[in-house]
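Visitor: Take a look at this one; I'll ask things after.
The values are calculated or read from the model by the stated rules, or taken from the named source; none is laboratory data. Note that this is a predicted model, so its numbers are computed, not measured. In this analysis, Cβ positions are derived from the backbone assuming ideal geometry, glycine residues included, and neighbour counts consider all displayed protein chains. Protein only, heavy atoms only, side chains kept; ligands, DNA and RNA dropped before computing areas. Shrake-Rupley method; radii C 1.70, N 1.55, O 1.52, S 1.80 Å.
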Amino acid sequence: MIENTPPRRLPVRLPPHSDELLSSWIGRHAAFYSVPPLVMLRHCLPEASSLRAADLLLSSDQEIRLANMFATEPAVMRRMTFANVAQSSHRLISARPTQVCTNCSPGHTEPILRSQLLGWRITCPLCGNQLRDAGRREIPSPFQQYQDAALRGEKLLDDEAERGIGTWISPTDIARLLLMRRIPRPIPREHDLWRFRVLGAIIPDLDRVVAVEQENLPTPAKPILPLHMRPALLAGIAIVERAGPEMLRMLRGHMMGDNRGRFTDAAESMIARARRWKASSQMHLI
Ligand SMILES: [Zn+2]
């Protein structure tokens, strides 16, 4: 029985780096003890299915058991995970590091910091510096002129994901709507209709940039954009949030067919939620 097994503290404990991700810390211990990372994790939590699952969904019981093994506090373990992030924002957490802060990341490959997986960040949550692409190339963002709005969008998503602070609408839901396909007018003759997204109706440069790069944007189900493209989505979210429900209704005019139906259903349910939110926040003020 797991509950009856007394926690065995690891003989050697490597100090965690500031903002290090749990799976990274466990991976470094695995390398130290010369075992695969999953074996290391299951040595601590026999029921664990994967390192990713441990990063995303650590129960308070598991936090306590891990903390015992690693001679630290459960709150420290929790801060190394995404256990505080609502399920609805999990789609914005990438599986691999997509970005890096040259100020705060000590190494090229490890440790991996928690902030390196946050698909809504363009600045480092620790020092505020611009993040850099962790991959192959360093591309300046073609959306520099939207920087102020993008920073507002980053904060909206960050408040929602990290602190559960809401506004009249969920910024994550806006992201999904903005990545749906739209039909541009006039309808172009070329066949690459795939590249036109609702976001392009708000950020006019987007269609051209996507056409030049010949790189499709991600789907609404996984709305993590490459770092240099991300300011466009963040700015779009901030613009919709500030403009209010009428903007969502206006955007519906850029859709056709089934997609228009899906967009309308999603937008109307968000607007209805917004009305209830407004009513209840006014009640609290009385
Ligand atoms: Zn930093």
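Visitor: What's the longest piece of the chain with no exposed trypsin sites (Lys or Arg not before Pro), counting a site as exposed if DSSP puts it in a loop and it has at most 12 other beta carbons within 10 Å?
Guide: 10-135
Visitor: Which FRET efficiency, nearest 0.05, do Q145 and D258 yield, Cβ-Cβ r, R0 35 Å?
Guide: Here the calculated transfer efficiency is 0.55.
Visitor: Let's test the formula: R0 of 35 Å, r as the Cβ-Cβ distance of E246 and Q87. What FRET efficiency results, to the nearest 0.05?
Guide: About 0.75, to the nearest 0.05.
Visitor: Here is a further query. So which GluC sites (Glu not before Pro) in the range 118-220 are both in a DSSP loop and have at most 14 other Cβ atoms within 10 Å of their Cβ?
Guide: Those satisfying the criteria are E138, E190, E215.
Visitor: Please give me, ordered by residue number, the GluC sites (Glu not before Pro) of the range 4-66 that lie in loop per DSSP and have at most 15 other Cβ atoms within 10 Å.
Guide: Those that pass, being in a loop and sparsely packed, are E47.
Visitor: Show the residues, 5+ positions off or on another chain, whose built amide H is closer than 5 Å to the amide H of M256.
Guide: So M256 has HN proximity to I183.
Visitor: Quick check: Cα centre of the range 27-43 to Cα centre of the range 177-234, how many Å?
Guide: Rounded to whole Å, the Cα centres lie 41 Å apart.
Visitor: T167 to E215: extension gain in nm, 0.36 nm per residue of separation minus the Cα-Cα distance?
Guide: 14.1 nm
Visitor: Around Q99, which amide H atoms from residues at least 5 apart in sequence, or from another chain, sit under 5 Å from its own amide H, with H modelled in the peptide plane?
Guide: Hits under the 5 Å cutoff: A134.
Visitor: Then there is this: Which one of S281, M80, S105 has its Cα pushed farthest toward the positive end of the charge dipole of the chain, where Lys and Arg give +1 and Asp and Glu give -1 at the Cβ?
Guide: Working it through, the farthest residue towards the positive pole turns out to be S281.
Visitor: Give me the accessible area of E268, 1.4 Å probe, in Å² rounded to the nearest 10.
Guide: That residue has around 60 Å² of solvent-accessible surface.
Visitor: Run the numbers on the range 18-141 and let me know its relative contact order in percent, using alpha-carbon pairs under 8 Å that are six or more apart.
Guide: Contact order relative to length: 24 percent.
Visitor: Just to be sure I understand the model, the point goes 7 Å from the Cα along the line to the Cβ. What's the resulting S59 to C127 distance in nm?
Guide: Placing both labels 7 Å beyond Cα along the Cβ direction yields 3.9 nm.
Visitor: Quick check on the chain: helices-only [θ] at 222 nm, where DSSP H runs of length 4 and up contribute -39,500 (n - 2.57) each and the sum goes over total residues. Nearest 500, please.
Guide: Rounded to the nearest 500, it is -13500 deg cm²/dmol.
Visitor: Calculate the translational D of the range 139-285 in whole µm² s⁻¹ from Stokes-Einstein, where the hydrodynamic radius comes from the Kirkwood formula applied to all Cα pairs, the temperature is 25 °C and the viscosity 0.890 mPa s.
Guide: 155 µm²/s
Visitor: How much length is gained on full extension from W277 to R79, taking 0.36 nm per residue of separation minus their Cα-Cα distance?
Guide: Full extension from W277 to R79 adds 68.3 nm.
Visitor: Check R197: other-chain or 5+ apart residues with amide H under 5 Å from its amide H, H built from backbone geometry?
Guide: Answer set, sorted by chain and number: R182.
Visitor: How much of the accessible area of the chain, in percent, comes from carbon and sulfur atoms when a 1.4 Å probe is used?
Guide: 56 percent
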